[in-house]
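Chemist: Below are the structure tokens for one structure; questions will follow.
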Amino acid sequence: MLIEPYYRGELIRNPGFDEWVNGRPSFWEGRNFVPVSRASIGEWVLRLGQDPERPAEVYQDLTVAPGTFLELRFCGRVAVAGSRLRAAVIWLDRNRKTVGSGLDLAVALSGGYGYRQYLAVSSACPGAAVQARISFQIFARGQFDLDYVSVVAR
């Protein structure tokens, strides 16, 4: 008998970055970002790279079960031409140590300035992992406006 994985629904909290407390988006961690009011969905956008000359990151840790695949969708736009964004799913153990990479997506942004939709599916969650870190990073220079992040377990 074949049993398909069950659908668990949306896992991300505050997916549109519309909730902020003390200059930080609720349920998200990171550095070098700022809210911007030019959203394609909702009211706010998270701009990675408040200081475009420094690295930037925002992430959220989610509880996952072994064998789970994660469907990552996000909406965003380049704020500074030539910016490079990394979207990743990183598997973590009980001590929040990395036990593998489920997805490593490089987005090079040199074209237009409109919002774009992105979709990727992770590899299966390994047995040693209990969490997935959903991470967006700019390693060098640049700015990226991240508007809506969705993660669904499959």
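Taken together, the values in this text are just the output of simple stated rules run on the coordinates, not laboratory data. On a predicted model such as this, the values are computed, not experimentally measured, just so you know. Here Cβ is always computed from backbone atoms with ideal geometry, including for glycine, and neighbour counts include all displayed protein chains.
Chemist: Does region 75-82 contain any residue that is within 20 Å of residue 13 (Cβ to Cβ), among the basic types (Lys, Arg) and either surrounded by 20 or more Cβ atoms within 10 Å (Cβ to Cβ) or in contact (Cβ under 8 Å) with a residue 60 or more places away in the chain (or both)? Talk me through it step by step, then tell me what you get.
Modeler: Filtering region 75-82 for residues within 20 Å of residue 13 (Cβ to Cβ) gives 75-76.
Going one step further and asking which of them are among the basic types (Lys, Arg), we end up with none.
There is no residue in region 75-82 that is within 20 Å of residue 13 (Cβ to Cβ), among the basic types (Lys, Arg) and either surrounded by 20 or more Cβ atoms within 10 Å (Cβ to Cβ) or in contact (Cβ under 8 Å) with a residue 60 or more places away in the chain (or both).
Chemist: How many residues are of a type in the set (Val, Ile, Thr) and part of a strand (DSSP E or B) if we restrict to region 8-23?
Modeler: Residues of region 8-23 of a type in the set (Val, Ile, Thr): 12, 21.
Then keep just the ones that are part of a strand (DSSP E or B); that gives 21.
Residues in region 8-23 being of a type in the set (Val, Ile, Thr) and part of a strand (DSSP E or B): 1 in total.
Chemist: Only strands (runs of 3 or more DSSP E) wholly contained in region 24-139 count here; list those with 2 or more residues that are within 24 Å of residue 154 (Cα to Cα). Break it down stepwise before answering.
Modeler: On the way: elements: 29-31, 33-36, 45-48, 56-63, 70-78, 84-92, 98-108, 116-121, 131-138.
Output list reads 56-63, 70-78, 84-92, 98-108, 116-121, 131-138.
Chemist: If you scan region 140-154, which residues turn out to be charged (D, E, K, R), in contact with a Phe, Trp or Tyr (Cβ under 7 Å, 6 or more places away or on another chain) and in a strand (DSSP E or B)? Lay out the reasoning, then the answer.
Modeler: The initial filter retains those residues of region 140-154 that are charged (D, E, K, R), namely 141, 145, 147, 154.
Next, only the ones that are in contact with a Phe, Trp or Tyr (Cβ under 7 Å, 6 or more places away or on another chain) stay: 147, 154.
Within region 140-154, just 147 meets the criteria.
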